[in-house]
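Just dropping this structure here.
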Ligand code: UGA
């Protein structure tokens, strides 16, 4: 099938590359000339395991193209995926300017039937706004072509995006029950047929429900994390091991094991933004989402928990102290630092007068960029970007772990002890067992593990 993907960000690039991998003829459009030039030179603007290979293979096969040519992009695909960014507006609602600009561009160029597929995470009612924006352009040009707007939210996780796209748990598609909507449904059915060979994974619904499903999923996952974080903080006070509790409750199939890991808060481009946007949607309809308000507040507080443990140990004034920080990305296998807990911890340590040495397996360049935006030059000057995890430790009072990279899971504890001034670890991701740490002679501060 001929497919156009508008936007080569995380979702757009992965969707385009993976749909090409299935044999489709994919045209990716982005207005950012630099990004398109990079992609056309074999580069990849994001760090995502496996993506570079899929892009290279499909470009070489002629099934995947990158361009800034709007007219050619609109002419190419019967299916036009909108996968542009929906950053949070000042009030927390999703900013739809890029989505609606994409819709207008389609309307400015299309001459025959198209299906517009909203892949970006967009609030309920966006498809109707896309339809209106596109129709206004058609009317202006006096073109009578018909179209349909479908919703097909993406559930991939950063760091496992290719795998998630190629082996989806479910495919959610919302279509209208109009004749055009039926045509959209048939095209989407054909497109996704390769994923449904063994068993049907597609959930068909109306467009609004599909839009809402995406927010409901992320809000539920964020709720589970904040719930466990809140219990972990209590566990610390009452001498309970939250990890034992996690196993104990997760074994109930009604609860399940996933997304119950307590830690130093969730970050990324999705949970914080989507929880806020759903709250904003509710407020717009006179409803307060009390649970989600708490989920957000608990998460904001949780990002301060590691810093709190550090000050409980060393006092509020950290002048003259030096800390090693392992992990900067908001989660492993990505260099993404949006809403990353490390940013909050670093700001606190530096503002209290400490100096730090930081290390992340892939986010070092991104860290230099975002920390320069976050921090005043005087604070930034107290950060050393270390060459390796062990290098970061040299002469530090303690180690703080913020991201659960695999490379941090089985370190040489003797080396850690030799390099730190005192063997103290603040573990924001509960990577180690308190009993093992005690045996190794390491003072260990996990999250909810003060048994
Ligand atoms: C999330 C969802 O998991 C995807 O299904 C969704 O498609 C995506 O958002 C999106 O809306 O685009 P992502 O933000 O890439 O994916 O990352 P997650 O793996 O969900 O992790 C989010 C954050 O939660 C990380 O900071 C992670 O450390 C934290 N987390 C996760 C916990 O603190 N505890 C857990 O048990 C799980």
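So that you can scan it fast, the table gives a plain yes or no per residue for (1) within 30 Å of residue 296 (Cα to Cα); (2) out of contact with any helix residue (DSSP H, G or I) (no Cβ under 8 Å at 6 or more places or on another chain); (3) assigned by TED's automatic domain parsing to the domain that holds residue 108:
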residue	(1), (2), (3)
129	yes, no, yes
142	no, yes, yes
148	no, no, yes
156	yes, no, yes
160	yes, yes, yes
169	yes, yes, yes
173	yes, no, yes
178	no, yes, yes
193	no, yes, yes
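So how many residues does segment 366-386 have that are outside any helix (DSSP H, G or I) and in contact (Cβ under 8 Å) with a residue 12 or more places away in the chain? Outline the logic, then answer.
Initially, segment 366-386 is screened for residues outside any helix (DSSP H, G or I), giving 375-376, 381-386.
Then keep just the ones that are in contact (Cβ under 8 Å) with a residue 12 or more places away in the chain; that gives 375, 382-386.
Count: 6.
What strands (runs of 3 or more DSSP E), lying completely within segment 2-114, carry at least 2 residues that are under 18 Å from residue 145 (Cβ atoms) and in contact with a strand residue (DSSP E or B) (Cβ under 9 Å, 6 or more places away or on another chain)?
On the way: elements: 2-6, 25-29, 64-67, 79-82.
Once the strands (runs of 3 or more DSSP E) in segment 2-114 are filtered for at least 2 residues that are under 18 Å from residue 145 (Cβ atoms) and in contact with a strand residue (DSSP E or B) (Cβ under 9 Å, 6 or more places away or on another chain), what remains is 2-6, 79-82.
Return a yes/no flag: does segment 283-293 have any residue that is within 16 Å of the ligand (Cβ to nearest atom) and modelled with pLDDT of 95 or more.
Of segment 283-293, the ones within 16 Å of the ligand (Cβ to nearest atom) are 292.
After this cut, where a residue has to be modelled with pLDDT of 95 or more as well, the list is 292.
So far as segment 283-293 goes, yes, one or more of its residues are within 16 Å of the ligand (Cβ to nearest atom) and modelled with pLDDT of 95 or more.
Let me ask something else about it. Given the criteria within 13 Å of the ligand (Cβ to nearest atom) and on the phi > 0 side of the Ramachandran plot, does residue 315 qualify? Show your work before the answer.
On the way: within 13 Å of the ligand (Cβ to nearest atom): no; on the phi > 0 side of the Ramachandran plot: yes.
Considered against the rule, which asks whether it is within 13 Å of the ligand (Cβ to nearest atom) and on the phi > 0 side of the Ramachandran plot, residue 315 comes out as no.
Among the candidates 441, 395, 428, 446, which residue alone is in contact with a strand residue (DSSP E or B) (Cβ under 7 Å, 6 or more places away or on another chain) and either farther than 30 Å from residue 225 by Cα or away from the ligand (no atom under 16 Å from the Cβ) (or both)? Talk me through it step by step, then tell me what you get.
Working: 441 fails: in contact with a strand residue (DSSP E or B) (Cβ under 7 Å, 6 or more places away or on another chain); 428 fails: either farther than 30 Å from residue 225 by Cα or away from the ligand (no atom under 16 Å from the Cβ) (or both); 446 fails: either farther than 30 Å from residue 225 by Cα or away from the ligand (no atom under 16 Å from the Cβ) (or both).
Of 441, 395, 428, 446, the one residue that is in contact with a strand residue (DSSP E or B) (Cβ under 7 Å, 6 or more places away or on another chain) and either farther than 30 Å from residue 225 by Cα or away from the ligand (no atom under 16 Å from the Cβ) (or both) is 395.
Restricting segment 344-362 to residues that are free of Cβ contacts under 8 Å to residues at least 60 places away in the same chain and within 20 Å of the chain's Cα centre (by Cα), which is surrounded by the most Cβ atoms within 10 Å (Cβ to Cβ)? Don't jump to the end; show me each part of the working.
Taking segment 344-362 and keeping what is free of Cβ contacts under 8 Å to residues at least 60 places away in the same chain, we get 346-361.
If we keep only those that are within 20 Å of the chain's Cα centre (by Cα) as well, we get 360-361.
On the way: 360: 28, 361: 20.
Per the criteria, the residue is 360.
One line per residue, one yes/no per condition, for (1) within 14 Å of residue 153 (Cβ to Cβ); (2) within 24 Å of the chain's Cα centre (by Cα); (3) buried (at least 21 other Cβ atoms within 10 Å of the Cβ):
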{"position": "195", "(1), (2), (3)": "no, yes, no"}
{"position": "215", "(1), (2), (3)": "yes, yes, yes"}
{"position": "225", "(1), (2), (3)": "no, yes, yes"}
{"position": "230", "(1), (2), (3)": "no, yes, no"}
{"position": "242", "(1), (2), (3)": "no, no, yes"}
{"position": "246", "(1), (2), (3)": "no, yes, no"}
{"position": "252", "(1), (2), (3)": "no, no, no"}
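So, one more: Taking into account only those residues within segment 247-271 that are out of contact with any helix residue (DSSP H, G or I) (no Cβ under 7 Å at 6 or more places or on another chain) and part of a helix (DSSP H, G or I), which is farthest from the ligand (Cβ to nearest atom)?
The extreme case among them is 248.
I would also like to ask the following. From the residues in segment 400-417 that are within 23 Å of residue 320 (Cβ to Cβ) and within 26 Å of the chain's Cα centre (by Cα), which one is nearest to the ligand (Cβ to nearest atom)?
Just the residues of segment 400-417 that are within 23 Å of residue 320 (Cβ to Cβ), to begin with: 400-402, 416-417.
Going one step further and asking which of them are within 26 Å of the chain's Cα centre (by Cα), we end up with 400-402.
Values: 400: 15, 401: 12, 402: 9 Å.
Among them, the one singled out is 402.
Has segment 274-281 got any residue that is buried (at least 17 other Cβ atoms within 10 Å of the Cβ), closer than 30 Å to residue 20 by Cβ and near the ligand (Cβ under 9 Å from one of its atoms)?
Taking every residue of segment 274-281 in turn, at least one turns out to be buried (at least 17 other Cβ atoms within 10 Å of the Cβ), closer than 30 Å to residue 20 by Cβ and near the ligand (Cβ under 9 Å from one of its atoms).
Now for a different question. Would you pick out the residues in segment 133-162 that are in a helix (DSSP H, G or I) and within 12 Å of the ligand (Cβ to nearest atom)? So that I can check it myself, show each step before the final result.
Step one: of segment 133-162, the residues in a helix (DSSP H, G or I) are 133-141, 161-162.
Once the filter is applied, which keeps residues that are in a helix (DSSP H, G or I) and within 12 Å of the ligand (Cβ to nearest atom), segment 133-162 yields only 161.
Give the residue that is surrounded by the most Cβ atoms within 10 Å (Cβ to Cβ), with candidates limited to residues of segment 282-305 that are outside any helix (DSSP H, G or I) and at negative phi.
So the first thing to find is which residues in segment 282-305 are outside any helix (DSSP H, G or I), and the list is 285-289, 303-304.
Subsequent filtering for residues that are at negative phi retains 285, 287-289, 303-304.
On the way: 285: 7, 287: 10, 288: 10, 289: 17, 303: 25, 304: 16.
Ranking the qualifying residues of segment 282-305, first place goes to 303.
Out of (1) away from the ligand (no atom under 13 Å from the Cβ); (2) more than 20 Å from residue 346 (Cα to Cα), the odd one out for residue 300 is which?
(2)
Sticking with this structure for a sec: Could you figure out which of (1) on the phi > 0 side of the Ramachandran plot; (2) part of a helix (DSSP H, G or I) isn't true of residue 339?
Only one criterion is unmet by residue 339, namely (2).
The values are calculated or read from the model by the stated rules, or taken from the named source; none is laboratory data. Only a predicted model underlies this, so the values are computations on that prediction, with no experimental measurement involved. Quick reminder, even Gly has a Cβ in these numbers, built from the backbone with ideal geometry, and neighbours come from all protein chains shown.
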